[in-house]
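To start, the structure under review is shown below, and the notes come after it.
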Amino acid sequence: MTIEDRVFKKSKVNLQKLKKYGFAKYDGSWVYEKTFMNGDFKAVVQIDAQKKVRGEVFDVASGDVYLPLRIECGAEGYAHKVRAEYEKILREIKNLCCSENSFASGQANRLVDFIAKTYGDKPDFPWKKYNEYGVFRNNDSNKWYALIMNIGFNKLVDKASGEVDVVNIKVDEDKIPTLLEQQGFYPAYHMNKKYWITLVLDDTISDEDLFELVDESHNYSIKKGKICS
């Protein structure tokens, strides 16, 4: 994960605030430049049309990219200081130009919006150790019907890299074998694999199919005898 991905994880960029902050628009992207460390370095931060944040640091004297920035270093040393000062710039942009999303991926946050509009439920985050895991419960029964998590992709696919948002939902057990043959579906991560299944929230599965399955999961959480209009 890059410095930029880590700092802006779960952040939603507000394009209207970028110009006010000092960003300029070039070829469809917003670009911000700032010198730091007594003018020895220049940070160039770019936000593209998809609101993806990228950045680079240049040595002003040579004009070259400062390569040690991307090398993991200890808590001491010059490169660590440059990295820390660059991260301060990124965090200020985040604080002044972004709002906080519940989760990292766009599809996960669209799912949050769907659930809020459809059932009026918001996620709660019950685990201190896993404070990015959000549970959705039926307000009437208190039963879970969805659990969104950010996990290492290698938890689902051997030797896969990176992190991914996923959702665990409950479906008709007879559907599970067929769903597992499709891309984006996996045996339930850390839940009963007979009744639950894991979906990757990286747009492999369409929003339409995702929302339909979550609606099915929500139906399992309704109190028996309760009629829902």
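The values are calculated or read from the model by the stated rules, or taken from the named source; none is laboratory data. All figures in this text were calculated on a predicted structure; none of them were measured in a lab. Cβ atoms come from the backbone with ideal geometry, glycine included; neighbour counts cover every protein chain shown.
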Search result, residues across segment 43-77 that are among the acidic types (D, E) and modelled with pLDDT of 95 or more: E56, D59, D64
Flag for D48 being surrounded by fewer than 17 Cβ atoms within 10 Å (Cβ to Cβ), closer than 30 Å to R137 by Cα and among the charged types (D, E, K, R): no
Qualifying position, being modelled with pLDDT of 95 or more, under 25 Å from the mean Cα position of the chain (by Cα) and more than 30 Å from M149 (Cβ to Cβ), among E92, E85: E85
Helices (runs of 4 or more DSSP H) contained entirely in segment 1-108, each with at least 3 residues that are free of Cβ contacts under 8 Å to residues at least 40 places away in the same chain and of a type outside the set (S, T, Y): 15-21, 78-97
Meets criteria (in contact (Cβ under 8 Å) with a residue 24 or more places away in the chain, in contact with a helix residue (DSSP H, G or I) (Cβ under 6 Å, 6 or more places away or on another chain), surrounded by 15 or more Cβ atoms within 10 Å (Cβ to Cβ) and assigned by TED's automatic domain parsing to the domain that holds E216) for F114: yes
Identity of the residue in segment 184-225, among the acidic types (D, E) and more than 18 Å from R137 (Cα to Cα), that ends up nearest to the chain's Cα centre (by Cα): D202
